[in-house]
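A short write-up of the structure that comes next.
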Protein chains: 2
Amino acid sequence: MQAEIIAVGTEILLGDIVNTNAQFLAQELASLGIDVYYQTVVGDNPKRLEDTLFHAFSRADLVITTGGLGPTEDDLTKETGAKYFNEKMKLDERALGRIKKYFDKTGRIMTENNVKQAYVPENAIVLYNDNGTAPGILIEKNNKIMVMLPGPPKEVIPMFTEQVKPYLSKKQEYTFISRVLRVANVGESAMEMQVKDIIHRQENPTVAPYAKGMESILRITAKAKNEEEAQELISPVAKEIYDVLGDAVYAEGETNLQTVVAKLLLEKNKTIATAESCTGGLLAASLVEYPGISKVFLDGVVTYSNESKKNRLGVKGETLEKYGAVSPQTAEEMAENVAKTAGTEIGIATTGVAGPDGGTAEKPVGLVYIGLCIGGRVMSKECRFAGSRERIRERAVYSALDWLRKELLVQP
Amino acid sequence: MQAEIIAVGTEILLGDIVNTNAQFLAQELASLGIDVYYQTVVGDNPKRLEDTLFHAFSRADLVITTGGLGPTEDDLTKETGAKYFNEKMKLDERALGRIKKYFDKTGRIMTENNVKQAYVPENAIVLYNDNGTAPGILIEKNNKIMVMLPGPPKEVIPMFTEQVKPYLSKKQEYTFISRVLRVANVGESAMEMQVKDIIHRQENPTVAPYAKGMESILRITAKAKNEEEAQELISPVAKEIYDVLGDAVYAEGETNLQTVVAKLLLEKNKTIATAESCTGGLLAASLVEYPGISKVFLDGVVTYSNESKKNRLGVKGETLEKYGAVSPQTAEEMAENVAKTAGTEIGIATTGVAGPDGGTAEKPVGLVYIGLCIGGRVMSKECRFAGSRERIRERAVYSALDWLRKELLVQP
């Protein structure tokens, strides 16, 4: 099957937003074995949108659009799709009900123009939207498939994954099954060197390394008649990689480091408290992302000033004066004392120079100490990060979580 | 002038990288008053690249490409451009010298295929590359302009800014100046209804509304002979919008809500502490994003459990029992007590049901109370948010910041 991706939105043509939807959809279609030869961006203009859609269908079997499903007069994707398939529009009562409910729940007033969002082409499959008001649309007719998705990535990703992907995968003769190994805190090229030989030896499955945020990913993809056959091809290759990378592989599949750590804490029933300086609440926030974490995450402090390190945590004035706020000693006292004052088994702390100012020759921007109190031991770790203030804070959180993960693995 | 942007690269079609070059170029062209009606991505395939380029020139006066200038056989942008303009290729000695020098400087060995990068169409302007090996190309012929830029953004941005932009701006009679109004916490369609009349009445300047994350944006764009004339056209329209939306417009230009709040805190020299339950550190973290915030942000707590609300903050057991952790009373006590215990002028607190579990008929998922202690007053506000746990937490932070902003505006 050949596909094209069309993003509809003047805001992309003006450069107000980056078209990350195209990347997401491109990856997903590649994983389904569907070729994408073109991606196009077109504005909210009826004639040009029509030209683009018709031109795409002259080359492709499948066209996926994002955007242009909203309530305003400019939003014309559905109408243009209906024209291509020669379909009339009708009101979908269920979609309307969901839109009304969405407005009720958010306490906002549903304006008249929102009703437009509940109109759909007559023979379409309606893709109900759990994360916004505009439903998506799928039409299959005369060997052509059109999938219309909303604009916001938060709506696009779940709608595609849950509703469109299963529909499309049924149409593919071969299945492409991937196993994704997630590697924490190792630079991509460093990891690539370690597994280079394994990567080059493979034809089916293939092994593709890439960087995603602060982690590295190895995607092992097998082309096979069915899932079972694919897994048989993948298993020995995955084993080889584990033999090389060990516990640097923190998980498989769609997850992230904070989720893995949160699950470990819950599984091992270890209570935890956080004490943050340079990360300013991000470490606590990343644990709190996980639903049900309240059983083990009890308490956190963001002791940003020296005063609050003393008052809230009882870090000794002597320690702060002698070694400074950014020091292994302060990190350790923060970790130990937050556990003590919160009554938790684990305490974890960060203190560092996030920049862009405040660095010195001795303590440059990017220097971060992580303190960890676990299983009766109190330890600290020095890290040096490069990049912006934001990046330094994110890397500090990531490194703290990864260290905690490795220590949790050896806890009873 | 009408332009199109074409990205050449299979890695974009596969979703391995996001096409950020398109965003950069779109913004730059918009600021020059050059209309961009289409952006396209095409792979390293000679036929499809040629089709795309010829099709683009059938609609546009200017085509800007990124990518496909490298040393491999797949890199065909220059050859395709030369074909369109009916130009022969020739070796550019200066480009070759620079490529050799670049390899020397980076200590790498220059392989034979790199010579290909020094071949350029005969009547082209060569855009020498200070940040990589591939030179860019500019051809103007028969009222058509083609600009070929390399792929990596760190080469594209300086090459366009220093060499292409001055060339193009000389061709433009009019300048396009925009003023961007950022509106906090109002849904796009609700805002559109409020300013609909103003939008529809405008021709020059135009007013374009759109949603970006949790905020709405109004872009007022004037076409004029110069900046001064543009601002004169924009001013009365901006005033009309302010008259309707009032302090819902939180800022103009490239910024975000947390930056505006952080700046207000610093300007008014108001110290602040945060007390968070459902937002779990995100509120503190969003303030700490701003460099230099340590002058006013002293302290925060993430009192996730009832115990920690009592121990760290001295929230009364009676309050928690009688009204529950998610209540205006608890939010107010948290805000008041965090300010008191941290010794700050302002205390701000969040408590709510972030879900997906833990909701009841009386206190459903999405119910959040914000507490604010400022200028001697202690207040709370009830919010109801829809969406995922992540979204509810983000909206809670955003609403807390927006409320704080409005209260700060009336503080001395």
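Read-outs throughout are calculated quantities, based only on the coordinates presented, and are distinct from any laboratory measurement. Quick caveat, the model's predicted, so the values are computed rather than measured. In this analysis, Cβ positions are derived from the backbone assuming ideal geometry, glycine residues included, and neighbour counts consider all displayed protein chains.
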Isotropic mean projected area of the C-alpha convex hull, the protein assembly as shown (nm²):
36.6
Between the alpha carbon centres of segment A:239-270 and segment A:145-161 the gap in Å comes to 29
Normalised per residue, the volume inside the convex hull of the alpha-carbon atoms of segment B:214-294 in Å³ amounts to 138
Any idea what the A:Ala361 label distances to the other copies are, label 7 Å down the Cα→Cβ vector, nm, shortest first?
7.1
Provide the convex hull volume over Cα atoms per residue for segment B:175-252, in Å³.
76
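How about segment B:340-388: which GluC sites (Glu not before Pro) there lie in a loop by DSSP and see at most 10 other Cβ atoms within 10 Å? Spell out each step's value before the answer.
Details: sites: B:Glu345, B:Glu362, B:Glu382; in loops: B:Glu345, B:Glu362.
Answer in residue order: B:Glu362.
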Inter-copy label distances at A:Asn143 (7 Å, Cα→Cβ; nm, one decimal):
4.1
Between B:Lys322 and B:Asn131, what's the calculated FRET efficiency when r is the beta-carbon distance and R0 is 56 Å? Round to 0.05.
0.30
Taking 0.36 nm per residue of separation and subtracting the Cα-Cα distance, what length does fully extending B:Lys100 through B:Asn142 add?
11.7 nm
Out of B:Tyr37, B:Val156, A:Val338 - ranked by how far each Cα lies towards the positive end of the dipole of the protein assembly as shown, with unit charges on the beta-carbon of charged residues - the top one is A:Val338
Using 1/(1 + (r/R0)^6) with R0 = 51 angstrom and r between the beta carbons of B:Thr161 and A:Glu240, what's the FRET efficiency to the nearest 0.05?
0.65
Please label the shape of segment B:2-169 as rounded, prolate or oblate, based on the square roots a ≥ b ≥ c of the eigenvalues of the alpha-carbon gyration tensor (a/c under 1.5 means rounded; beyond that, a/b larger than b/c means prolate, else oblate).
rounded
Which of B:Ser388, B:Ser216, B:Ser327 fluctuates most in a GNM of chain B (C-alpha springs under 10 Å)? That residue is B:Ser388
Just from its helices, what would the mean residue ellipticity at 222 nm be for chain A, if runs of 4 or more DSSP H residues each count -39500 (n - 2.57) and the sum is divided by every residue, rounded to the nearest 500 deg cm²/dmol?
-12000 deg cm²/dmol
Per the charge dipole of the protein assembly as shown (beta-carbon charges, Lys/Arg positive, Asp/Glu negative, Cα centre), the residue among A:Gly317, A:Gly132, A:Cys278 reaching farthest to the positive end is A:Gly317
Given N residues in chain B, what is Rg(Cα) / (2.2 N^0.38 Å)?
1.29
Equivalent ellipsoid semi-axes, segment B:257-409, via Cα gyration tensor eigenvalues times 5, rooted, Å:
23, 17, 12
Rounded to whole Hz and in sequence order, give me ³J(HN,Hα) for segment A:24-37 from the Karplus expression 6.51 cos²θ - 1.76 cosθ + 1.60, θ = phi - 60°, writing x for Gly and Pro.
4, 5, 4, 4, 5, 5, 4, 5, 8, x, 9, 6, 10, 9
Does segment B:169-208 come out rounded, prolate or oblate by the C-alpha gyration tensor, with a ≥ b ≥ c the root eigenvalues, rounded set by a/c under 1.5 and, if not, prolate when a/b is larger than b/c and oblate if not?
oblate
Restricting attention to the alpha-carbon atoms of segment A:16-79, what are Rg (one decimal) and Dmax (integer), both in Å?
12.5, 36
Listed residues A:Cys278, A:Cys373, A:Cys383, most fluctuating in chain A (Gaussian network, C-alpha, under 10 Å):
A:Cys383
Between the label point of B:Leu409 and that of the same position in each other copy, find the distances and list them shortest first in nm, with every label point placed 7 Å from Cα along the Cα-to-C-beta direction.
5.2
Identify which of B:Leu14, B:Leu53, B:Leu282 has the largest mean-square fluctuation in a Gaussian network model of chain B, with springs joining Cα atoms closer than 10 Å.
B:Leu14
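How far, in nm, would the chain grow between A:Thr259 and A:Phe54 when pulled straight, counting 0.36 nm per residue and subtracting the alpha carbon separation? Mind dumping the intermediate values first?
Numbers: separation 205, 0.36 × 205 = 73.80 nm, distance 4.36 nm.
Once the chain is fully extended between A:Thr259 and A:Phe54, it gains 69.4 nm.
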Taking a threshold of 30 Å on the Cα-Cα distance, which of the pairs B:Lys212/B:Lys316; A:Lys322/A:Lys381; A:Lys105/B:Lys309; B:Lys196/B:Lys270; A:Lys165/A:Lys212; B:Lys78/B:Lys225 fall above it?
B:Lys212/B:Lys316; B:Lys196/B:Lys270; B:Lys78/B:Lys225
Could you list the residues of segment A:234-256 with an amide nitrogen less than 12 Å from a label point located 7 Å from the Cα of A:Glu267 in the Cα-to-C-beta direction?
A:250-252
Set the Förster radius R0 to 30 Å, insert the Cβ-Cβ distance between A:Lys310 and A:Lys154 as r into 1/(1 + (r/R0)^6), and round the FRET efficiency to 0.05.
0.15
